[in-house]
Amino acid sequence: MNGPLNVWVLCVSGIQVLDLSAGPLQNPMMYSPQQALGQGYGSVLPGSYPQQMPVKAPTQAGLGLYNYGGLQTVPQPGIHQGSGQAFNRLPMGTLPAQPAANATSPPRMPPPNSVGTPSSVGTNHPHGSQLTQSSWQYFPTPLSHGQAHPMTNHVSSTAGVVPAPPQTLGNSQPPTTQQYGASFGVPPHQNRFMSPGPALPPMNQSRQPLGPPLTSSSSLTRPSAPPSGPPVTTAPAPPLVSAPPRQVGVAQLPTSDGTSVQNSYDTIEGGGFMGMVQPVQPAPPQNPKITRNAYPSLPPGYQNVFPAGGPGLTPTSQQYPNRPQPLSQPNFGVNNLVSSVGGLSIHQAQQLDELRGVNLLQERNILPPTSLKAPTPCLQEELQKLNCNPELFRCTLTNIPQTQALLNKAKLPLGLLLHPFKDLSQLPVVTSSTIVRCRSCRTYINPFVSFLDQRRWKCNLCYRVNDVPEEFMYNPVTRVYGEPHKRPEVQNATIEFMAPSEYMLRPPQPPVYLFMFDVSHNAIETGYLNTVCQTLLDNLDWLPGNTRTKIGFITFDSTIHFYSLQEGLSQPQMLVVSDIDDVFIPMPENLLVNLNECKELVQDLLKNLPQMFTKSSETQSSLGPALQAAYKLISPTGGRISVFQTQLPTVGAGALKPREEPNQKSTAKEIHNLTPATDFYKKLALDCSGQQVAVDLFLLSGRYSDLASLGCISRYSAGSVYYYRAYHHLHNPVQVEKLQKELKRYLTRKIGFEAVMRIRCTKGLSIHTFHGNFFVRSTDLLSLPNINPDAGYAVQMSVEENLTDTPVVSFQSALLYTSSKGERRIRVHTMCLPVVPALSDVYAGADVQAVIGLLANMAVDRSISSSLSDARDALVNAAIDSLSAYRTSVLTVQQPGLLAPNSLRLFPMFVLALLKQKAFQTGTNASLDERIYSMCQIKNQPLVYLMLMTHPNLYRIDNLSDEGALNVNDKTIPQPPILQLSVEKLSRDGAYLMDAGTIMLLWVGRNCGQNFFTQVLGVSNYSALSQDMTQLPELDTAESTSLIAFISWLREQRPFFPTLHVIRDESPLKSTFLQNLIEDRTESALSYYEFLLHLQQQVNK
């Protein structure tokens, strides 16, 4: 397997084999076209996938963005749909925009600041079908993904298999074709990260209030008088909290012609009650009784409306085996949620404490010494125990306002933050012949539904009464019949179903991994290929998959190189295609091969690749044509493309030119070129999304590479972006370790293929904007060709209908995906929150971290669609408006100072931290690519990591103790308190660790104790400390063991690898350390105290 590698050079259609035994490849001569070879394009891949594209076949028109509106015939997914029946979506009307009131007002942001409205919105329009399977199993097995073992995708033991339930007559009925829902139409939207925004209002208009505009005509106007710093800007910014539908600043949907239909995956996953056909039936009661301890009579709206089989079905003669009996369920009916039962007393006290006013100008030490926890909703204890983990599902307001007017008055954004595919140590997995769902809104049965009796349950989202299927009467855990309320689906807010075949449009795709390597002269100089190939070799056996796993490789410079890995070859063969203007695939059947069958050839190629191009002098990069070739190669099956790029693409389709202005880094208040220079990469990403292909981009470059344009290939295909600035294997070794660690995680973490996700909410609420890396299909169905456990998402919501008679609301996300083992699965998360009538209750339940996370996503959109200064101004206005509303509407006694509810006491500090975050800061030397990458992280990171990158944690680590320490795997992990980010908290007698998420800075004071130098750093004194120290020596001392254990524990908490830098006063990174001290003043930003003074001045007007 170590013989010479053959190279085939192709010009248009000619192929020539070259012998590389003489040495490395150096710009091989391109031969003239010869007679075309037969390439066997008629062969069909295993399974029922489309045929490979023919030679030089043009990219199919209408893929991605352009093919989702046409009529699509869906295979028969269930018993309720005829063969070949097409599903059509009702036409949706447009919503008029309301002009802003004309008024003049100076900006309210101190220098240099400004934020904006997202460019387009959409709302939920789910619909779907009920589906069944023949047998069921229950797997309560833990799912750990340790580093020492392959990260398989939900491997569940069969030890939990339960015998079949008692054989009784089935009670379930096929779902009706009628669908229940509101008849309003609302505009869909596209992925909002780089979408063009609506026209901005004239700059002399007054800034509209935070959130949807109120019906009153006047808006707040306050002249600004910032305390100090650079001059203020002269124009106000629109509010960051974008309005829901029918409000100002909303991108409008073109008038529908009635031809829009839902996508095939939309049919399978099933929709919600919004946007579905309204059945002719009485409306649900205004105050639905959801009691869990008895069987009340049906409310008038449901009595004798339909026969027993359900609406649209003939009556059934089947009788219940026994008379329905009351279920002994936890007593958390909605009538008890607002009462003063014992379980609520503690939560009520907590709510009162959260509403307590805090004078921020007097109480400076408000940062808690431990990590900030998510607030607990004010629900009864039995109900709260069943609620979803806030690490997975989190709302900006844990008390939902009853009306949109109340939400507008609070001046806070309403939205959700999700981490739907997070690695979980415990995940109930159920295989059932019946996945029970509401027949109207398609909600999955969950802990917050109510059982009217043993045979009927009421949906907690649309209040439809559904029949309990016969099989659901048997509990696989207790093995008892007649207790549907104790089934795992009703006892777990997070659960995963093994989906039956009805949830598949085609046989589950095999795991397909295609790697693309830049091999230009610049790429070879960085030495990245050695690191990547070696890491891939080390982890080849741990790639998620099974015996069907396929793998392929493409390299490119000014030409494109394919590698034939056909079984039976003695060594890999290189096929060089020089015609990058009309890319075609040579020998497609041998380029993506079965990993198990061709592993030796794959290993041989990875060992030889780093040396093959060492003498190449080719400086051009044809990334665009290489991506087109990769798309053609992988599109018949779908899969993942991993691209490693080191420079700006210079030739072929998608070629880019340098746009960065060298002088704008440190002086400009406005940053230009945040938008893509071309739509080539976005269009290609949409084509990829349509064929279930995701593209992940690894950018390793010290020069400008236009990440704003290149990032679109990952953003719209549900991929990820990794950025390693100034990567070099010799000059920047810390980046080498970072790439190794993160690439190992990337290769071995679990992965879901051909996924779609839908978020549902209780009737009266609506979702109108999505944030993250995806493509929005069918208005509200998120297309995720790949889903990974490190991706986060956010949505904005509004109150469409008054919730006056609704004590609680629920939210549910459903993720349908194919595991790497070829299993179709559905992961469901459900969250329940109370509804409140008072503004004070809304403030008491505010989740300040979730609010900041959502505002950050919205500010990125404003930066792209409007300007960076608008984004900064709107962030400040968000703080001003909410504190002003609290002062005028909640406080009964006006007091001097700047008062905030205890729940929002950290809001101004976090807003200031966002203004100093690399994505939004001004007056720094951050490169344009660094700024764009920071924006990419905001849009794709789960909240816990986003907060750490926004507001770092500071610890004193020269005097660690065991007080409050954790014991993890027989290791003692110290837990030092978190300090305020101010130089006031630093002492030259100590050493401090700043954890900023992706980087850790260990600053050592000049007068630090001698013991720390010798016992931890392994040097004699301060002067012996190196300025480029990036690793702590492992010394046989208690102090060294303790600190290394603490840093290792911090690193293990996140999916990326933070680099460590030990710095002293003379170190270059000292300035980075000081910039992260959020509470201190910098040349271009106010200190925390100055920022509070400015807020006070605006709030008190």
Review point. Does the range 1031-1058 hold any residues that are crowded, with 16+ Cβ neighbours inside 10 Å, touching a helix residue (DSSP H, G or I) at 6+ places or on another chain (Cβ under 8 Å) and polar (S, T, N, Q), and which are they?
Key: Ser1040
Review point. Conditions: (1) under 30 Å from Val828 (Cβ atoms); (2) open to solvent by 30 Å² or more (accessible area, probe 1.4 Å). Pro511 meets all but one. Number of the miss?
Key: (2)
Practice item. Within the range 950-981, count every residue that is open to solvent by less than 30 Å² (accessible area, probe 1.4 Å) and of a type in the set (A, V, I, L, M). Key: 5
Check your understanding: Could you list, in sequence order, the residues of the range 1058-1081 that are in a loop (DSSP other than H, G, I, E, B) and touching a Leu at 6+ places or on another chain (Cβ under 8 Å)?
Key -> Pro1058, Arg1064, Leu1069, Asn1076, Leu1077, Ile1078, Glu1079, Asp1080
Point to revise | Lone qualifier among Leu379, Leu416, Leu412 - being surrounded by 21 or more Cβ atoms within 10 Å (Cβ to Cβ), in contact with a helix residue (DSSP H, G or I) (Cβ under 7 Å, 6 or more places away or on another chain), outside any helix (DSSP H, G or I) and at pLDDT 95 or above | key: Leu412
Exercise for review: Any residue in the range 374-386 that's within 14 Å of Pro447 (Cα to Cα): show its pairings with residues that are open to solvent by 30 Å² or more (accessible area, probe 1.4 Å) and part of a loop (DSSP other than H, G, I, E, B) at Cβ separation under 6 Å, as long as the two are six or more apart or on different chains.
Suggested key: Glu382/Pro330
Practice item. Could you please let me know if Lys458 is open to solvent by 10 Å² or more (accessible area, probe 1.4 Å), farther than 30 Å from Leu979 by Cα and of a type outside the set (Val, Ile, Thr)? Key: no
Check your understanding: Which of the residues that make up the range 1004-1025 are among the hydroxyl-bearing types (Ser, Thr, Tyr) and open to solvent by less than 50 Å² (accessible area, probe 1.4 Å)?
Key -> Tyr1022
Review point. For Leu868, are the conditions met, namely being modelled with pLDDT of 95 or more and crowded, with 24+ Cβ neighbours inside 10 Å?
Key: no
Exercise for review: Please find, among Leu954, Leu946, Leu914, Leu981, the residue that is in a strand (DSSP E or B) and at pLDDT 95 or above.
Suggested key: Leu954
Revision key, fill the gap. A careful count of residues in the range 701-758 that are more than 30 Å from Met504 (Cβ to Cβ) and among the aliphatic types (A, V, I, L, M) gives 10
Exercise for review: Could you tell me whether Ser813 is closer than 22 Å to Asn857 by Cβ, hydroxyl-bearing (Ser, Thr, Tyr), in contact (Cβ under 8 Å) with a residue 40 or more places away in the chain and not in a loop (DSSP other than H, G, I, E, B)?
Suggested key: yes
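The values are calculated or read from the model by the stated rules, or taken from the named source; none is laboratory data. Being a predicted model, the structure only gives us computed values, none of them experimental. All Cβ positions, glycine included, derive from the backbone under ideal geometry; neighbour counts span all protein chains shown. All accessible areas refer to the heavy atoms of the entire protein, side chains included, with ligands and DNA or RNA removed. Shrake-Rupley method; radii C 1.70, N 1.55, O 1.52, S 1.80 Å.
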